[in-house]
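Here's the structure, in structure tokens; my notes come after.
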Amino acid sequence: MMAFTMPACVKNPGMVEPLRLLLMLVAFLALASVSARADDAGITYARIASSEEGYVLNADFKFDLNQKLVDALAHGLALHFVTELRIERPRWYWFDKLIVHRRLEYRLAYHAMTRSYRLNIGSLHRNFDSLADAVHTMERIRNLYVAPPDAFDSKDRYEVTLRFFHNTALLPKPFQLSALANGRWELDTGWTKWSFTPETVTPEEATEETVPTEEEPAEEATPEVMATE
């Protein structure tokens, strides 16, 4: 009995090694980006509360602008950030039903003539003498309108996801290309998830709807974002 073997057919062996190196580089950049996001930005507190107008969001973020973003501001580049909120009602028989999708957008820019920072929050704006004060304002949200009083069934349970991130899609085109290859343009808390039942929501008291954290945010006099539409 005779056995026959055929050599493996490789059309272009020279392409294998460069392709392997490229895949390794992509994986490394993805891991580096996720690691940087986890270390530099996060959500320390978030809660759906009730008000006279309906349901509102209170949240505290924690992040620092890295030197890349600080330098971009100093050279006249405006940065755009987004707080994104989603509330869904779970359905065992189908995809979850989206009840609320809310985006609060920020535009931060430095004005060399006045040596001040201008922060646009939706249709509102404020000027700050320091970058730290402008960043601190973005880190704290109070009474962000979410939904009217009758938006939720009182006995149903709803899943909430919240995120804060730098919207690199609004950078000028050349910088968008740079952002694709350079993770230092990234700032993203990632999604924080929790659930709530409308009948347990209260205006002030901390409840089980509070996102678990290692420590509660400090009570101090800070600018509050009062969102209007």
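The values are calculated or read from the model by the stated rules, or taken from the named source; none is laboratory data. The structure presented is a predicted model; accordingly, all values stated were derived computationally and were not measured. Neighbour counts run over all protein chains shown; Cβ positions are idealised from the backbone, glycine included.
Quick notes
- Taking the range 153-167 as the range and being farther than 28 Å from residue 81 by Cβ and crowded, with 19+ Cβ neighbours inside 10 Å as the test, no residue passes.
- Top-ranked residue of the range 168-199 - restricted to ones that are part of a loop (DSSP other than H, G, I, E, B) and among the polar types (S, T, N, Q), ranked as surrounded by the most Cβ atoms within 10 Å (Cβ to Cβ): 189
- Residue match in the range 145-166 (condition: under 18 Å from residue 77 (Cβ atoms), aliphatic (A, V, I, L, M) and in contact with a Phe, Trp or Tyr (Cβ under 8 Å, 6 or more places away or on another chain)): no
Rundown of residues vs (1) closer than 22 Å to residue 148 by Cβ; (2) touching a residue at least 12 places away in the same chain (Cβ under 8 Å); (3) surrounded by fewer than 12 Cβ atoms within 10 Å (Cβ to Cβ); (4) in contact with a Lys or Arg (Cβ under 6 Å, 6 or more places away or on another chain), yes/no style:
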| position | (1), (2), (3), (4) |
| --- | --- |
| 77 | no, yes, no, no |
| 87 | yes, yes, no, no |
| 92 | no, no, yes, no |
| 109 | no, yes, no, yes |
| 127 | no, yes, no, yes |
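- Test for residue 118: is it among the basic types (Lys, Arg) and free of Cβ contacts under 8 Å to residues at least 60 places away in the same chain: yes
- With respect to the conditions (1) out of contact with any Gly (no Cβ under 7 Å at 6 or more places or on another chain); (2) within 23 Å of residue 42 (Cα to Cα), residue 163 falls short on a single one, namely (1).
- Neighbours by Cβ (under 7 Å, 6+ apart or cross-chain): first from the range 172-196, at pLDDT below 80; second of a type in the set (Phe, Trp, Tyr) and assigned to a helix (DSSP H, G or I): 178/185; 179/185
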